[in-house]
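Written out below as structure tokens is the structure these notes cover.
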């Protein structure tokens, strides 16, 4: 059955080292990464759209052209005169990546300012996807607007998917961060937390504790990702199950591991797969991604 996934968030300009003092330009961002892998994995009759705000500058135009070339719809993207996309620089030292960000005046911070446009975009979708980073870049009143529309979509029976993706540097305080992440979970029907984040910021002792906490917030379906230790699934009233990770010989770059898992997981789920089958497929996609450099790898490299 055909449908539409709407991914909401920020895509940034990515600068990475290209050798000899040169930099390579790309585009990436957590919810866009998931849209990329969703487009690669979803059935062809599903539409994958990205919702954000960009500027009217050449870099924004290049970004939209790249999305369209990848088969990701941009008709709902807001263009704001005088604004530009956010930017980050990857620095490698002894194989470890560090990131420097320039996003204070990024257009994406305005993505929820037009409540009517946001509502129309969400109403057009069957699956709505957003993350803690989406919430973290927005002003408090814009967070309220987005979460109000997410709750409305959930009440309408849409699949509302939330990856907490906790990044403390985006938030003015830990208390506000944790409260807003919980509000994001309450607005969703499927949560995709990463256990490392939940352990550090919420103090969960194990994956079962993470499942219990999200269930208590009213999330019907919970998928806890734990890297090489696999995935813990709690769907509806079904028993909690564990799906192992796919082993790889050598990890090259873990960037986008969770984002790619999410895209592969949702793709198999909409095809009618069981949650366990969807998790296994998501794990296989993530295993391919971490064997290559960069957030976005060619769809030709992914498992079919």
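What the table below lists for this structure:
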| quantity | calculated |
| --- | --- |
| Within a Gaussian network of the chain (alpha carbon springs, distance under 10 Å), most fluctuating of 12, 66, 159 | 66 |
| In nm, spacing of pseudo-spin labels at residue 155 and residue 291 (7 Å Cα→C-beta vector) | 4.7 |
| Translational D in µm²/s for region 218-304 (Stokes-Einstein at 37 °C, 0.692 mPa s, Kirkwood Rh from C-alpha pairs) | 251 |
| For percent of Cα pairs over 37 Å apart, calculated from these coordinates, the label among [x] 16; [y] 8; [z] 29 | [y] |
| Most fluctuating residue given options 192, 146, 87, as computed from a GNM of the chain linking Cα atoms under 10 Å | 87 |
| Two-site label geometry, residue 57 and residue 229: point separation in nm, points 7 Å out along Cα→Cβ | 4.2 |
| Extension gain, residue 276 back to residue 105 (0.36 nm per residue minus Cα-Cα distance, nm) | 57.4 nm |
| Euclidean distance between Cα centres, region 1-62 to region 171-193, Å | 23 |
| Peptides ranked, highest mean first, by Cβ atoms within 10 Å: ranges 169-175, 14-20, 197-203 | 197-203, 14-20, 169-175 |
| For region 207-261, convex hull of alpha carbons as volume per residue, Å³ | 84 |
| Percent of beta bridges antiparallel (DSSP, region 172-304, rounded to nearest 5) | 75 |
| Mean Cβ neighbour count within 10 Å, used as a protection proxy, ranking 68-78, 216-226 highest first | 216-226, 68-78 |
| Pairwise label distance in nanometres, residue 242 with residue 209, each label 7 Å out on the Cα-Cβ vector | 1.6 |
| Alpha-carbon Debye profile of region 9-161, log10 I(q)/I(0) at 0.12, 0.14, 0.16 Å⁻¹ | -0.53, -0.71, -0.91 |
| Mean separation of Cα contacts under 8 Å (6+ apart) over length of region 60-217, as relative contact order % | 16 |
| DSSP bridge orientation in region 25-142 - percent antiparallel, rounded to nearest 5 | 60 |
| Percentage relative contact order, the chain, counting C-alpha pairs under 8 Å, at least six apart | 16 |
| Antiparallel bridges, percent of DSSP beta bridges restricted to the chain (to nearest 5) | 45 |
| Mean residue ellipticity (222 nm) of the chain, computed from DSSP H runs ≥ 4 via -39,500 (n - 2.57), nearest 500 | -11500 deg cm²/dmol |
| 14 Å cut-off, amide nitrogen to a point 7 angstrom out along residue 25 Cα→Cβ, residues in region 49-81 | 55-67 |
| Unit Cα scatterers, Debye sum, region 116-231: log10 I(q)/I(0) for q = 0.10, 0.11, 0.20 Å⁻¹ | -0.28, -0.33, -1.06 |
| Relative contact order [Cα under 8 Å, 6+ residues apart], region 146-304, whole percent | 15 |
| All Cα pairs of region 166-237, percent lying beyond 21 Å | 20 |
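Quick note: the coordinates plus some simple rules give every number you see, no bench work behind them. This one's a predicted model, so the numbers in the text were calculated from it and none came from an experiment. Note that we place each Cβ from the backbone using ideal geometry, even for glycine, and neighbour counts take in every protein chain shown.
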